[in-house]
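The values are calculated or read from the model by the stated rules, or taken from the named source; none is laboratory data. Here the structure is a predicted model, which means the values were calculated and not measured. Methodologically, a virtual Cβ is constructed for each residue, glycine included, from the backbone with ideal geometry; neighbour enumeration extends over all protein chains shown. With ligands, DNA and RNA removed, areas are computed over all heavy atoms of the protein, side chains included. Shrake-Rupley method; radii C 1.70, N 1.55, O 1.52, S 1.80 Å.
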Amino acid sequence: MKHYLLSVVQPAGEQPPAPDALAEIMRDVEAFNDELRAAGAWVFAGGLHGPETATMLRPKDGDVLITDGPFAEGKEYLGGLCLIRAADLDEALEWGRKAALATTLPIEVRPFVDQH
(Lines give C-alpha, C1' and ligand atoms only; values in the text may rest on other atoms or scores of the structure.)
Protein backbone atom coordinates (compact mmCIF):
# COMPACT_ATOMS: atom_id res chain seq x y z
CA MET A 1 0.00 0.00 0.00
CA LYS A 2 1.11 3.53 -0.77
CA HIS A 3 0.46 6.64 1.30
CA TYR A 4 -1.36 9.65 -0.11
CA LEU A 5 -2.10 13.07 1.32
CA LEU A 6 -5.62 14.42 0.85
CA SER A 7 -5.32 18.17 1.40
CA VAL A 8 -8.47 20.15 2.16
CA VAL A 9 -8.23 23.40 0.21
CA GLN A 10 -9.94 26.27 2.02
CA PRO A 11 -10.78 29.38 -0.01
CA ALA A 12 -9.39 32.47 1.75
CA GLY A 13 -11.81 35.13 2.94
CA GLU A 14 -14.98 33.05 2.65
CA GLN A 15 -17.51 33.05 5.45
CA PRO A 16 -17.84 29.74 7.30
CA PRO A 17 -21.06 27.81 6.73
CA ALA A 18 -24.04 28.52 8.96
CA PRO A 19 -24.05 26.40 12.17
CA ASP A 20 -26.68 23.95 10.87
CA ALA A 21 -24.83 23.48 7.58
CA LEU A 22 -21.51 23.10 9.40
CA ALA A 23 -22.99 20.45 11.71
CA GLU A 24 -24.14 18.46 8.66
CA ILE A 25 -20.70 18.79 7.02
CA MET A 26 -19.00 17.58 10.20
CA ARG A 27 -21.35 14.55 10.33
CA ASP A 28 -20.43 13.78 6.72
CA VAL A 29 -16.72 14.16 7.46
CA GLU A 30 -16.98 11.82 10.46
CA ALA A 31 -18.85 9.28 8.31
CA PHE A 32 -16.08 9.57 5.70
CA ASN A 33 -13.43 9.00 8.40
CA ASP A 34 -15.39 5.98 9.68
CA GLU A 35 -15.48 4.57 6.13
CA LEU A 36 -11.71 5.06 5.80
CA ARG A 37 -11.16 3.27 9.12
CA ALA A 38 -13.43 0.37 8.16
CA ALA A 39 -11.53 -0.05 4.87
CA GLY A 40 -8.13 0.02 6.62
CA ALA A 41 -7.20 3.15 4.65
CA TRP A 42 -7.22 5.68 7.51
CA VAL A 43 -3.86 6.79 8.93
CA PHE A 44 -4.48 10.29 10.30
CA ALA A 45 -6.79 13.26 9.69
CA GLY A 46 -7.33 16.69 11.19
CA GLY A 47 -8.42 20.24 10.54
CA LEU A 48 -6.15 23.25 10.86
CA HIS A 49 -6.64 26.75 12.21
CA GLY A 50 -6.35 29.57 9.67
CA PRO A 51 -3.02 30.79 8.31
CA GLU A 52 -3.10 33.82 10.62
CA THR A 53 -2.21 31.41 13.47
CA ALA A 54 0.91 30.13 11.69
CA THR A 55 4.49 30.65 12.83
CA MET A 56 7.14 30.45 10.12
CA LEU A 57 10.68 29.21 10.75
CA ARG A 58 13.24 29.96 8.01
CA PRO A 59 16.91 29.05 7.96
CA LYS A 60 19.18 32.03 7.34
CA ASP A 61 22.93 32.34 7.73
CA GLY A 62 23.21 29.32 10.03
CA ASP A 63 20.35 30.46 12.25
CA VAL A 64 16.57 30.23 12.10
CA LEU A 65 14.31 33.29 11.81
CA ILE A 66 10.88 33.01 13.44
CA THR A 67 8.02 35.18 12.20
CA ASP A 68 4.26 35.23 12.73
CA GLY A 69 1.85 34.31 10.00
CA PRO A 70 2.28 32.90 6.52
CA PHE A 71 4.99 34.14 4.19
CA ALA A 72 2.74 34.44 1.14
CA GLU A 73 -0.83 35.55 0.78
CA GLY A 74 -3.01 33.29 -1.28
CA LYS A 75 -6.53 32.78 -2.53
CA GLU A 76 -6.54 29.38 -0.82
CA TYR A 77 -4.86 27.77 2.14
CA LEU A 78 -4.48 24.34 3.70
CA GLY A 79 -7.55 23.88 5.89
CA GLY A 80 -6.99 20.28 6.90
CA LEU A 81 -5.42 17.04 5.84
CA CYS A 82 -5.98 13.34 5.73
CA LEU A 83 -3.22 10.78 5.36
CA ILE A 84 -4.47 7.56 3.78
CA ARG A 85 -3.26 4.18 2.53
CA ALA A 86 -4.33 3.22 -0.98
CA ALA A 87 -3.26 0.57 -3.46
CA ASP A 88 -2.79 3.10 -6.26
CA LEU A 89 -3.66 6.59 -7.48
CA ASP A 90 -7.09 5.53 -8.74
CA GLU A 91 -8.08 4.32 -5.28
CA ALA A 92 -6.65 7.49 -3.69
CA LEU A 93 -8.64 9.63 -6.14
CA GLU A 94 -11.82 7.78 -5.19
CA TRP A 95 -11.15 8.57 -1.52
CA GLY A 96 -10.45 12.17 -2.56
CA ARG A 97 -13.80 12.30 -4.38
CA LYS A 98 -15.56 11.13 -1.23
CA ALA A 99 -13.63 13.68 0.85
CA ALA A 100 -14.67 16.50 -1.50
CA LEU A 101 -18.32 15.49 -1.17
CA ALA A 102 -18.06 15.24 2.62
CA THR A 103 -16.22 18.53 3.19
CA THR A 104 -17.86 20.46 0.32
CA LEU A 105 -14.34 21.81 -0.40
CA PRO A 106 -11.70 21.12 -3.04
CA ILE A 107 -9.35 18.23 -2.24
CA GLU A 108 -5.81 17.86 -3.55
CA VAL A 109 -4.51 14.26 -3.75
CA ARG A 110 -0.72 13.78 -3.68
CA PRO A 111 1.42 10.68 -3.34
CA PHE A 112 4.41 10.57 -1.04
CA VAL A 113 7.86 10.51 -2.64
CA ASP A 114 9.62 7.20 -3.31
CA GLN A 115 6.58 4.97 -3.18
CA HIS A 116 6.45 2.99 -6.38
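List of remarks:
- What segment 1-114 shows is 69 Å² of accessible area per residue, with the surface traced by a 1.4 Å probe over protein heavy atoms.
- Once each of the chymotrypsin sites (Phe, Trp or Tyr not before Pro) sitting in a DSSP loop with at most 15 other beta-carbon atoms within 10 Å is removed, the chain keeps 1-70 as its longest stretch.
- Sparse-neighbourhood loop sites, GluC sites (Glu not before Pro) in segment 19-116 - DSSP loop, at most 10 other Cβ within 10 angstrom: E73
- Rule-of-thumb Rg ratio for segment 13-116 [Cα; 2.2 N^0.38 Å; N residues]: 1.30
- Rounded to 10°, Cα long-axis angle of helix 89-103 versus longest principal axis of the chain: 80
- Comparing D61, D88, D28 in a Gaussian network model of the chain where C-alpha atoms under 10 Å apart are linked, the largest mean-square fluctuation is found at D61.
- Taking 17 Å as the straight-line reach from the Cα of K98, the aspartates and glutamates in range (excluding those fewer than 8 positions away in the same chain) are E24, D28, E30, D34, E35, D88, D90, E108.
- Restricting segment 35-79 to trypsin sites (Lys or Arg not before Pro) that sit in a DSSP loop and have at most 14 other Cβ atoms within 10 Å of their own Cβ leaves K75.
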